[in-house]
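Asks: For reference, the structure I am asking about is given below.
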Amino acid sequence: MTFDVPPEQTAKAETFRKLHQETRTFVMPCAWDASSAITFEELGFESIGTTSGGVNWAKRRRDYVYAVSHDLMLDEYSLITRATSLPVSGDLENGYGDDPTDVAETIKQSIVFGMVGGSIEDQVMSGDGRLYDTSLAVERIAAAREAADRLGIAYTLTARCESFSSSYDDPFSEAIERLNLYRSAGADCLFAPGISDRNTLKKLVEEVDGPISFGMGASEQPLSISTLSELGIRRISTGGGLPRAAFSFVHGAAAEILASGTFDYLDGAISDADINDYFQRHGSPRDILK
């Protein structure tokens, strides 16, 4: 595939990579459509992630079963990259294939669709929680790194170890081993979903040689930015938390109508005029789709 990365995308990639090289902690909210991406940019965030869960739920599908096809998911992500001037990192699930060549192709396509980073999971697509054999998992990260480098972009590759959702007796040790191997294979950022204990997070930061990402929503009582910063976490992503919160609000508002016949959910709602003005400032849907 021949593709010349646009200069503005190259600049975004450099900006995003530098965020991971600094010592401060930054928050990367995860968008599920163009409107949420615009909101995050307007509020002043420095980068945006995507959430496959949010895309799946918006299309009335369960997450973690890859119900939305590879092509459809990347199409949805492209609406996000075109809606915002911020760097966008894609939730690329397990790379949409077992073979390293499948992962490499997904990385290439994510760049073509405007992303400057992406995450790759080491969980097999079967849905039974199994992880790829370590050697194959490392090959997949190496293939992702090579694919991005071949296009000449400072792509921020995040490698995820899903051992805490698998059947390992010692998921922490498995995560440490794998994440360090993924780092050696070319990953820029490391992520082990499922850890919420402060001491475990601190130990993870100490034993993994690379910037650590934390997914907010992993614990019933979310940790603050300052706490995670003290623990040494470099990046905080919101994952599917924000679309879940949005769904919860709509569900509660509709339930209120049926239960009490009231419409208190409208208290504080943005007006038609204001919301139209809000999106007019950021371009119409037709502009985004061009």
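Asks: Criterion first (buried (at least 20 other Cβ atoms within 10 Å of the Cβ), without any contact (Cβ under 8 Å) to a residue 60 or more places away in the chain and touching a strand residue (DSSP E or B) at 6+ places or on another chain (Cβ under 6 Å)) does G215 satisfy it?
Replies: Yes.
Asks: Check whether at least one residue in the range 94-107 is in contact with a Gly (Cβ under 8 Å, 6 or more places away or on another chain), within 25 Å of S163 (Cα to Cα), modelled with pLDDT under 95 and not in a loop (DSSP other than H, G, I, E, B), and report yes or no.
Replies: No: zero hits.
Asks: Only residues that are surrounded by 13 or more Cβ atoms within 10 Å (Cβ to Cβ) and closer than 21 Å to D128 by Cβ: list them for the range 45-63, please.
Replies: If the condition is that a residue be surrounded by 13 or more Cβ atoms within 10 Å (Cβ to Cβ) and closer than 21 Å to D128 by Cβ, then S52, G53, N56, R61, D63 are the ones that fit.
Asks: Restricting attention to helices (runs of 4 or more DSSP H) lying wholly within the range 1-72, give those where 2 or more residues are at pLDDT 95 or above and among the basic types (K, R). Spell out the reasoning first.
Replies: Details: elements: 7-21, 34-43, 52-58.
Helices (runs of 4 or more DSSP H) meeting the threshold: 7-21.
Asks: When the range 165-192 is examined, which residues are found to be out of contact with any Leu (no Cβ under 6 Å at 6 or more places or on another chain), closer than 28 Å to A245 by Cβ and modelled with pLDDT under 95?
Replies: Hit for the range 165-192 is S165, nothing else.
Asks: State yes or no: is R24 without any contact (Cβ under 8 Å) to a residue 24 or more places away in the chain and of a type outside the set (A, V, I, L, M, F, W, C)?
Replies: It is false that R24 is without any contact (Cβ under 8 Å) to a residue 24 or more places away in the chain and of a type outside the set (A, V, I, L, M, F, W, C).
Asks: Quick one: in the range 218-250, which of the residues that are polar (S, T, N, Q) and either in contact (Cβ under 8 Å) with a residue 60 or more places away in the chain or more than 20 Å from T39 (Cα to Cα) (or both) is surrounded by the fewest Cβ atoms within 10 Å (Cβ to Cβ)?
Replies: Of everything passing the filter in the range 218-250, Q221 is surrounded by the fewest Cβ atoms within 10 Å (Cβ to Cβ).
The values are calculated or read from the model by the stated rules, or taken from the named source; none is laboratory data. Since the model is a prediction, treat every value here as computed from it, not as a measurement. Cβ: placed from backbone, ideal geometry, glycine included. Neighbour counts: every protein chain shown.
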